[in-house]
Structures are given as C-alpha cells and as structure tokens.
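A.B. asks: Take this structure first; my questions come after.
Values quoted throughout were computed directly from the atomic coordinates according to the rules given, and no laboratory measurement underlies them. Predicted, not measured: the structure shown is a model, and the values here were computed from it. No Cβ is skipped: glycine too gets one built from the backbone with ideal geometry, and neighbour counts run over all protein chains shown.
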C-alpha cells in the first residue's frame, strides 16, 4: 500500500513539472529530451493518464481490501462506508479533471496547426492546471483519510 501511495505522489509531482514545462513551451518553443513541444505534450499526457489511473486503482483496490477484511473479521460496515465516502468525494473531481486535461491535450494540436489562438489555449491551460491542483488537494485528503480509516480498522491508533 505504501509503495503505491508514494508512487502516486511522485508521479503527481512529475506530472506537474511536465505540465509546467509544456506550458512554457507554448511561449518559448524549446526541445526537452530531444523532443519537440508537441511530442513532449504527448509524453506528458501519457504520464498524466498513467498517474491518474494508478490513483483510481489504488482507491478501488484499498476499498475492496477494506470490504474483504471487514467481512472476514466480522467488523461493522462503517470502515467500508468510510472508504466509499472518500471515493464519492474524490472520483467525480478526478474524472472531471481527466476530461479537462484530455481536452487540453487534444487542443494543443489545434494550437500547433494554427486553428486555435495560443492566448485562448493559455487561458484554458491555466484553468485546467488550477483544477488539477484542486484535484491533487482532494487526493491528498483522500489518501490521509483512507490511511486513517485502515489504521482504525486494524486497531492502530494514530498519534497526532
């Protein structure tokens, strides 16, 4: 569990850095790792999709583990209900962010071919990035709450 959670944080930071580099490539076209801005944006979209998919599977997997453990140990269903509540808060925003970012990645092609102004694209980019940061805040809270839920379920008290 800890490996995947730390991996999610590292990949989220990597994605953020890549998004910032891609944003500056709009104004100052430069190559990164010998990749043109278009190719780098494509690489960024792949890393982004992998990261968000890993986060989704992390919460789905831990939710199923909580359910199975609760049933096996004949615990109250409150722990599983807490896991569902965490997912209900996080998943709609995560899904919306995936939609926004995929749209942003596709629109980069429109800017690259001259069908969309770079200024309008920059506004969309900043809005998507703001939502991405909000989504990361929700995900951090979800990781924290999920960890506390698991610790409470197994009887470990956490000192604050």
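A.B. asks: If we restrict to alpha carbons, what Rg and Dmax does the chain come to, in Å?
C.D. replies: Values for the chain (Cα only, Rg and Dmax): 18.9, 61 Å.
A.B. asks: Can I ask one more? Any number yet on Rg/Rh for segment 66-160, C-alpha, Kirkwood?
C.D. replies: Reported Rg/Rh (Cα atoms, Kirkwood Rh): 1.23.
A.B. asks: While we're looking at this one, here's another question. Please identify which residues in segment 17-40 have an amide N closer than 18 Å to a label point set 7 Å out from the Cα of residue 113, following the Cα→Cβ vector.
C.D. replies: Residues passing the 18 Å test: 37-40.
A.B. asks: Just grab the label-to-label distance for residue 21 and residue 50, each label 7 Å out from Cα along the Cβ direction, in nm (one decimal).
C.D. replies: If labels sit at residue 21 and residue 50, their model points lie 1.3 nm apart.
A.B. asks: Determine the relative contact order of segment 1-146: mean sequence separation of Cα pairs under 8 Å and six or more apart, normalised by residue count, in whole percent. Before the final figure, lay out the partial values.
C.D. replies: Details: 90 pairs, mean separation 36.6, N = 146.
Result for segment 1-146 is 25 percent.
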